[in-house]
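First the structure, in the form of structure tokens, and then the observations on it.
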Amino acid sequence: MQVGKLPTERLSRLLAGGLGARRADVLVAPGIGEDCSVIDFGEQVCIMSTDPITGTVSDAGWLAVHVSCNDVASSGGEPIGVQLALLLPESADDDLLRQIMEDANRACTELGIAILGGHTEILSSLGAPLVVATAIGRCPKGKHVTSKGHSVGDAVMVVKSVGLEGSAILAADFAHLLSGIPADLVSQARTFSREISVVQEAMAARDAGVTAMHDITEGGLYGACLELAQASGLGLRIYSEQVPVREATAAVCDALGLDPLGLISSGSLILTTPHPEVVAKAMDGCGSVASVVGEVVSGGYTEVVRSDGRLDRLLGYYEDELWKFMRKAK
């Protein structure tokens, strides 16, 4: 199998195999483009999401907490805690376990949430640590956000900039290939990993009136647009020149021949709204910027309008630029 997320057509076949008993209190069940489940708890709903950290040991506990809480917040939920499953190889020692937990504690302290429990196990079949976080949040009933609530004509917006996580990884791990760009830009790109959390922005966007919201992760903006389109059956038209790309991200991607719009982008949000000016003002209050990058259209595809007027239509699955690069680098 190919490295990365399971392609959506294969995931659809897997989901068709059955999802247990149907329950009236499960308001949002698993589906393409939906990262969270939403469960009716009376006046509030419980929102849950699970994410693994597989590609790095450095800051694995910190990343696991923030990435899973981003999913919950992108569905309108205020995170309250996480459960952690730590699966470690036989070569692991107490120092590694202690570091993962210290990193997780640091992230939870930053977000004001608790570690609720989990599981720890040493496995002979593992070659590297695997950290899996399940985040749990809550939201007033009727205020949760899905990936399919948008309508034709809604504005499509990006919060912060695309490619933040990917350019940080590339600047940290492949600096030897970036000697042709200014050192200060490489240093800036490395710092983007500090901006992984979008919890504050997602909470503000929910209250500002969004119709759909999704954190931009694997596959970058292209992947997030495809998931929104697949979830709703509607299309998205994106104008590439309007997509915010920081100078350091652009420099790293240009040097390595990558498209920043297809690069893993934890730390960024995509959302749809009929009131972009209200959302932009709410993001200003968070110290972030929300940019209009397109609109919702009919048809279940993503259409990218390039600077020269050329149209690229995306369907199905987009392999992340980072995975493409790492495969070539090997």
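The values are calculated or read from the model by the stated rules, or taken from the named source; none is laboratory data. Nothing here was measured: the structure is a model prediction, and the numbers come from that model. Positions of Cβ are backbone-derived with ideal geometry, glycine not excepted, and every protein chain shown enters the neighbour counts. In case anyone asks, the SASA skips ligands and DNA or RNA and just uses the protein heavy atoms, side chains included. Shrake-Rupley method; radii C 1.70, N 1.55, O 1.52, S 1.80 Å.
Under 8 Å by Cβ, and 6 or more places apart or on different chains, what pairs join a residue from region 11-40 that is free of Cβ contacts under 8 Å to residues at least 60 places away in the same chain with one that is among the hydroxyl-bearing types (Ser, Thr, Tyr)?
Pairs that qualify, where the first residue is free of Cβ contacts under 8 Å to residues at least 60 places away in the same chain and the partner is among the hydroxyl-bearing types (Ser, Thr, Tyr), are Val26/Ser37; Ala29/Ser37; Pro30/Ser37; Cys36/Ser49; Cys36/Ser74; Cys36/Ser75; Ser37/Ser49.
Run Ala16 past the list (1) modelled with pLDDT under 80; (2) within 23 Å of the chain's Cα centre (by Cα); (3) hydrophobic (A, V, I, L, M, F, W, C) and report the number of the one that doesn't hold.
So the condition that Ala16 fails would be (2).
Which number in (1) hydrophobic (A, V, I, L, M, F, W, C); (2) closer than 20 Å to Trp62 by Cα; (3) over 16 Å from the mean Cα position of the chain (by Cα) marks the one condition that Leu164 misses?
(3)
Return the residues of region 265-291 that are part of a loop (DSSP other than H, G, I, E, B) and open to solvent by less than 20 Å² (accessible area, probe 1.4 Å); say none if nothing qualifies.
Restricting attention to region 265-291, the residues satisfying the condition of being part of a loop (DSSP other than H, G, I, E, B) are 265-268, 274-275, 286-289.
Scanning region 265-291 gives Ser265, Ser266, Gly267, Ser268, Ser288.
For the condition at pLDDT 95 or above and within 23 Å of Gly309 (Cβ to Cβ), what is the one hit in Glu241, Glu247? First the steps, then the outcome.
Values: Glu247 fails: within 23 Å of Gly309 (Cβ to Cβ).
Criteria check complete, one pass: Glu241.
Based on this model, can you work out whether Gly294 counts as surrounded by 22 or more Cβ atoms within 10 Å (Cβ to Cβ) and either in a strand (DSSP E or B) or not acidic (Asp, Glu) (or both)?
Details: surrounded by 22 or more Cβ atoms within 10 Å (Cβ to Cβ): yes; either in a strand (DSSP E or B) or not acidic (Asp, Glu) (or both): yes.
So Gly294 passes the test.
Out of all the residues in region 170-184, which are in contact (Cβ under 8 Å) with a residue 24 or more places away in the chain, in a helix (DSSP H, G or I) and surrounded by fewer than 22 Cβ atoms within 10 Å (Cβ to Cβ)? Don't jump to the end; show me each part of the working.
Applying the first criterion (in contact (Cβ under 8 Å) with a residue 24 or more places away in the chain) to region 170-184 yields 170-171, 174, 177-178, 180-182.
Filter once more, so that each one left must be in a helix (DSSP H, G or I): 170-171, 177.
Across region 170-184, the qualifying residue is only Leu177.
Can you name every residue in region 146-160 that is open to solvent by 10 Å² or more (accessible area, probe 1.4 Å) and under 21 Å from Ser266 (Cβ atoms)?
Once the filter is applied, which keeps residues that are open to solvent by 10 Å² or more (accessible area, probe 1.4 Å) and under 21 Å from Ser266 (Cβ atoms), region 146-160 yields Thr146, Lys160.
Of the residues in region 25-72, how many are at pLDDT 90 or above, under 21 Å from Lys141 (Cα atoms) and either assigned to a loop (DSSP other than H, G, I, E, B) or open to solvent by 50 Å² or more (accessible area, probe 1.4 Å) (or both)?
Number of matching residues: 9.
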